[in-house]
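Participant: Shown below is the structure under consideration.
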Amino acid sequence: MRFGVLGALGVWSADGRTVAAGGPQLRALLAMLLLNVGQTVGVRRLVEGLYGPQAPSGAAHALQSQVSRLRRR
C-alpha cells in the first residue's frame, strides 16, 4: 500500500488503485498512525487525537472499533 499525507490523505493499493480511507475519524486515525510510522502510539494519545482532551468515557472502546474498521480496509 502507498499513502499520501501532504494535502488530502490518499491511500493506494499495491497495483495503484485508489482505496477509500473511510470517514473523518478513520482518516484521522490513519493519519496519526502514518505520522508516527515505526513507533508505538499509545491508546491515550490516539483517543485524545480523535476525541480531544475531554474524551467521552467509552472512547477507548470506540477507538478499538475504529482500529478494527481500519484493518478491514
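The values are calculated or read from the model by the stated rules, or taken from the named source; none is laboratory data. Owing to the predicted nature of the structure, the values given are computational and were not obtained by experimental measurement. Quick reminder, even Gly has a Cβ in these numbers, built from the backbone with ideal geometry, and neighbours come from all protein chains shown.
Participant: Among all residue pairs at least 6 apart or on different chains, which show Cβ distances below 8 Å where the first residue, located in region 30-58, is among the acidic types (Asp, Glu) and the second is outside any helix (DSSP H, G or I)?
Facilitator: Short answer, once both residue conditions are applied: GLU48/ALA55.
Participant: Output the residue which, of all residues in region 31-44 that are over 26 Å from ARG17 (Cβ atoms) and in contact with a helix residue (DSSP H, G or I) (Cβ under 8 Å, 6 or more places away or on another chain), is surrounded by the fewest Cβ atoms within 10 Å (Cβ to Cβ).
Facilitator: It comes out as VAL43.
Participant: Right, another one. Name every residue in region 27-51 that is under 20 Å from LEU9 (Cβ atoms) and in a loop (DSSP other than H, G, I, E, B), in order of residue number.
Facilitator: Answer for region 27-51, where residues must be under 20 Å from LEU9 (Cβ atoms) and in a loop (DSSP other than H, G, I, E, B): ASN36, VAL37, GLY38, GLN39, VAL41.
Participant: So, one more: Criterion first (exposed (fewer than 14 other Cβ atoms within 10 Å of the Cβ), more than 12 Å from the chain's Cα centre (by Cα) and at pLDDT below 95) does GLY4 satisfy it?
Facilitator: Yes.
Participant: Same structure, new question: Suppose we filter ALA62, ALA14 for residues that are loosely packed, with under 10 Cβ neighbours inside 10 Å, without any contact (Cβ under 8 Å) to a residue 60 or more places away in the chain and out of contact with any Asp or Glu (no Cβ under 9 Å at 6 or more places or on another chain); which single one remains?
Facilitator: ALA14
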